[in-house]
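Q: I'd like to ask some things about the structure below.
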Amino acid sequence: MALQGKVALVTGAASGIGEQTARKLGALLDDCDVACNQHRAGTACLDTFERCPRIRIIVQEPRIVVGHGHRLIPLTQRLPSIFTLRTPMEDNDLQYPSAFLLNDVSGYYFRVLGTRFEGEAVNYSPGRHAQLQEYFNQVWERSEPSEDLRLLNI
């Protein structure tokens with residue numbers, strides 16, 4: 001599916017999770033610019049990027065995210081067949097202090113405190129990736145779609 005007229009700019013896309021994100025978006029968008037802090041990566045490689053079946057995101061405090069105008073929210077609202085967002089309902093899930101991002105090739109980015117940028121990025125760690133994936137799936141099943149994150153077509 002081409003997203004006619006949509007443009008993505010991915011920074012940090014020379015390697016690791018940034019590169020994998022650019023690959024996924026490149027398969028979905030007509031125009032995807034790849035920018036790197038240390039050098040400019042060519043966009044010709046975007047032709048080989050795989051199609052992304054879905055992206056699932058758990059948002060603990062959706063009103064804060066929407067209130068701060070996070071740039072990901074409009075994208076998720078324009079692409080509901082790609083992005084699915086949910087909000088935890090149980091207190092234990094709402095109190096989880098960490099944040100993490102998983103890719104589909106056993107890589108992850110993990111922040112012990114989700115409110116801080118310091119974290120660990122690993123391109124390949126099947127064991128830890130499986131642990132985080134299992135935890136994510138459990139919380140996902142206990143979570144519900146958030147009314148605060150829906151696009152209102154009024």
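Q: Filter the range 77-106 for residues that are modelled with pLDDT under 90, of a type in the set (D, E, K, R) and part of a strand (DSSP E or B) and give the result.
A: None; the set is empty.
Q: Could you tell me which residue of the range 69-103 is surrounded by the fewest Cβ atoms within 10 Å (Cβ to Cβ), considering only residues that are among the small types (G, A, S) and in contact with a strand residue (DSSP E or B) (Cβ under 7 Å, 6 or more places away or on another chain)?
A: So in the range 69-103, the residues among the small types (G, A, S) come out as 69, 81, 98-99.
Cutting the leftovers down to in contact with a strand residue (DSSP E or B) (Cβ under 7 Å, 6 or more places away or on another chain) gives us 98-99.
Values: S98: 13, A99: 17.
So the residue we want is S98.
Quick grid of which residues meet (1) touching a helix residue (DSSP H, G or I) at 6+ places or on another chain (Cβ under 7 Å); (2) without any contact (Cβ under 8 Å) to a residue 12 or more places away in the chain:
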| site | (1), (2) |
| --- | --- |
| Q95 | no, yes |
| F100 | yes, no |
| N103 | yes, no |
| V112 | no, no |
| G127 | no, yes |
| Q131 | no, yes |
| E134 | no, yes |
| R142 | yes, no |
| D148 | yes, no |
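Q: Might you let me know whether the range 108-121 holds any residue that is closer than 19 Å to I55 by Cβ, of a type outside the set (D, E, K, R), surrounded by 14 or more Cβ atoms within 10 Å (Cβ to Cβ) and out of contact with any strand residue (DSSP E or B) (no Cβ under 6 Å at 6 or more places or on another chain)?
A: So far as the range 108-121 goes, no, none of its residues is closer than 19 Å to I55 by Cβ, of a type outside the set (D, E, K, R), surrounded by 14 or more Cβ atoms within 10 Å (Cβ to Cβ) and out of contact with any strand residue (DSSP E or B) (no Cβ under 6 Å at 6 or more places or on another chain).
The values are calculated or read from the model by the stated rules, or taken from the named source; none is laboratory data. Please read these numbers as outputs of a predicted model, since none were measured by experiment. Glycine gets a Cβ as well: all are built from the backbone with ideal geometry, and neighbour counts include every protein chain shown.
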